[in-house]
Amino acid sequence: MQAARVLLLGLAILDFGNSARAQSKPTAKPIDLVLCVDVSGSMQGLIDSAKLKLWDVVNELATLKPTPTLRVGVYSYGGEGGDYTQANGFTRKEIDLTGDLDKVYEQLNALKITGHVEYPTGVAKRTIDDQAWANSKDALKIIFVCGNEESDQDPKVKLDDLSKLAKEKGVIVNAIYCGPATDKLAPGWKQIAEQCGGKFANIDMNKAGTAVVRTPFDKELNELSGKLNSTYVFYGDAKVQKDLAANQSAQDKNAEKAAPGAGASRALSKAGGLYKNEKDAIDAMKADAKFDINKLKDDELPEELKKMKPEERTSYLKKKSDERDGIQKQIKELAAKRAKHIDVEAKTKPKDAGEKALDDALKAAIREQAKDKGFEVGGKK
């Protein structure tokens, strides 16, 4: 009987390892996306919209086929004092391109209004120059510059120079003007997009859209999002483990605080294929067939694994992985009901003919540019 148990355990562990390897075989196309956010005096609505809408944009990207690998970065511009100087065009790098979406959301929530000098061409150039962009020919590399002042204020970076650089690096620059298309400044923003291979959109930065629609499913989705956190097995030194777990919970709270629907959208993102953490043992096993939890030093292991025998650790990870799969399935089913509820609600309200919300503009550009890179969008290339 004991021998049979050992055999079954060995088969389960082998199956989990094979499953992880199977998931790591397909080569996913990279998408690198950087948001350049104007933080000058009039732009609080833009910052609030970014906090509300990030997870909706991630969920849109998660529908692309094949599922991409996603990295997101954030720059702010138009600030004053501290890191914002004349020398760097009053820009600040908030976070480099990263797959850690919790860190991205943390930085978005830390943005504050300050300053008054906005150089959109300058922040786009700095972004292109700074970042270690994906070098695959299939990579989709896109920047969204969002703002509402003159587009040609930068005394150093002219649009022709930005356009040339963007084409050389294969980076698309999209321009989001925060105001009516009839504004006299809007054509300048449209010109940025046209010369840099991107899309232009004008938005109402104060329009919240579906993210603030309350539904009967929001509370349970937020609860499941919190429950999902218990399936993460962070490794590394004790501080890294503690900080990652704390930040995951903190960003849950930030999303819930932003709007009921933002928390629900974050829950769906956490149930999808783009939300990963390289210091989570389960994600690591799925991403890298060579990852072996038993090769880590004892002080890199979480407390619960230190007490286990090597064969018990892999079995534990399989159990946690199955638990995660179950919670993610519940989230997806509830999120589908939530989306249907929102669709029904929308049909009862007058059609809004005004400017788009931020996520509408971002998603529209992403869909078109993803199709050009060979992704299937809504089942069509």
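The values are calculated or read from the model by the stated rules, or taken from the named source; none is laboratory data. Just so it is clear, the structure is predicted and the values come from calculations on it, not from any experiment. Because the Cβ atoms are built from the backbone with ideal geometry, glycine has one as well, and the counts that use them run over all protein chains shown.
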From the residues in segment 93-126 that are surrounded by fewer than 22 Cβ atoms within 10 Å (Cβ to Cβ) and among the basic types (Lys, Arg), which one is farthest from LYS167 (Cα to Cα)? LYS112
Select, from GLU168, GLU149, GLU194, the only residue that is touching a residue at least 12 places away in the same chain (Cβ under 8 Å) and not in a strand (DSSP E or B). GLU149
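Scan segment 294-317 and give yes if some residue there is of a type in the set (Gly, Ala, Ser), more than 30 Å from ASN202 (Cα to Cα) and surrounded by 13 or more Cβ atoms within 10 Å (Cβ to Cβ), otherwise no. Working first, answer last.
Filtering segment 294-317 for residues of a type in the set (Gly, Ala, Ser) gives 315.
If we keep only those that are more than 30 Å from ASN202 (Cα to Cα) as well, we get 315.
With the extra rule that they be surrounded by 13 or more Cβ atoms within 10 Å (Cβ to Cβ), the set shrinks to 315.
Yes, because at least one residue in segment 294-317 is of a type in the set (Gly, Ala, Ser), more than 30 Å from ASN202 (Cα to Cα) and surrounded by 13 or more Cβ atoms within 10 Å (Cβ to Cβ).
Here's the yes/no breakdown for (1) within 23 Å of GLU60 (Cβ to Cβ); (2) β-branched (Val, Ile, Thr):
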| site | (1), (2) |
| --- | --- |
| PHE200 | yes, no |
| ASN206 | yes, no |
| VAL213 | yes, yes |
| TYR232 | no, no |
| LEU244 | no, no |
| LYS257 | yes, no |
| ASP283 | yes, no |
| ALA289 | no, no |
| LEU296 | no, no |
Under 9 Å between Cβ atoms, at least 6 apart or on separate chains: pull out the pairs that start in segment 26-37 with a residue that is among the acidic types (Asp, Glu) and end on any residue that is not in a strand (DSSP E or B). ASP32/GLN131; ASP32/TRP133; ASP32/ALA134; ASP32/ALA139; ASP32/VAL171
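Each row is one residue, and each column tells you yes or no for (1) among the hydrophobic types (A, V, I, L, M, F, W, C); (2) assigned by TED's automatic domain parsing to the domain that holds LEU224; (3) within 20 Å of SER225 (Cβ to Cβ).
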residue	(1), (2), (3)
ALA264	yes, yes, yes
ASP280	no, yes, yes
ALA284	yes, yes, no
ASN294	no, yes, no
PRO302	no, yes, no
LYS306	no, yes, no
ARG313	no, yes, no
GLY326	no, yes, yes
Consider ILE331 against the criteria (1) within 30 Å of PRO66 (Cα to Cα); (2) not in a helix (DSSP H, G or I): it satisfies all of them except one. Which criterion is unmet? (2)
Give me a count of the residues in segment 146-176 that are among the acidic types (Asp, Glu), modelled with pLDDT of 95 or more and crowded, with 19+ Cβ neighbours inside 10 Å. 1
Every pair of residues 6+ apart whose Cβ atoms lie under 8 Å, when the first sits in segment 233-251 and is closer than 17 Å to ASN109 by Cβ while the second is among the basic types (Lys, Arg): LEU244/LYS279; ASN247/LYS103; GLN251/ARG266
ASP129 fails exactly one of (1) of a type outside the set (A, V, I, L, M, F, W, C); (2) assigned to a loop (DSSP other than H, G, I, E, B); (3) surrounded by fewer than 20 Cβ atoms within 10 Å (Cβ to Cβ), namely (2)
Out of everything in segment 224-239 that is part of a helix (DSSP H, G or I) and over 21 Å from the mean Cα position of the chain (by Cα), what residue ends up being surrounded by the fewest Cβ atoms within 10 Å (Cβ to Cβ)? LYS239
Just give me the residues in segment 277-291 being aliphatic (A, V, I, L, M) and in a loop (DSSP other than H, G, I, E, B), in sequence order. ALA289
Test for SER321: is it within 27 Å of the chain's Cα centre (by Cα), surrounded by 15 or more Cβ atoms within 10 Å (Cβ to Cβ) and assigned by TED's automatic domain parsing to the domain that holds ALA289: yes
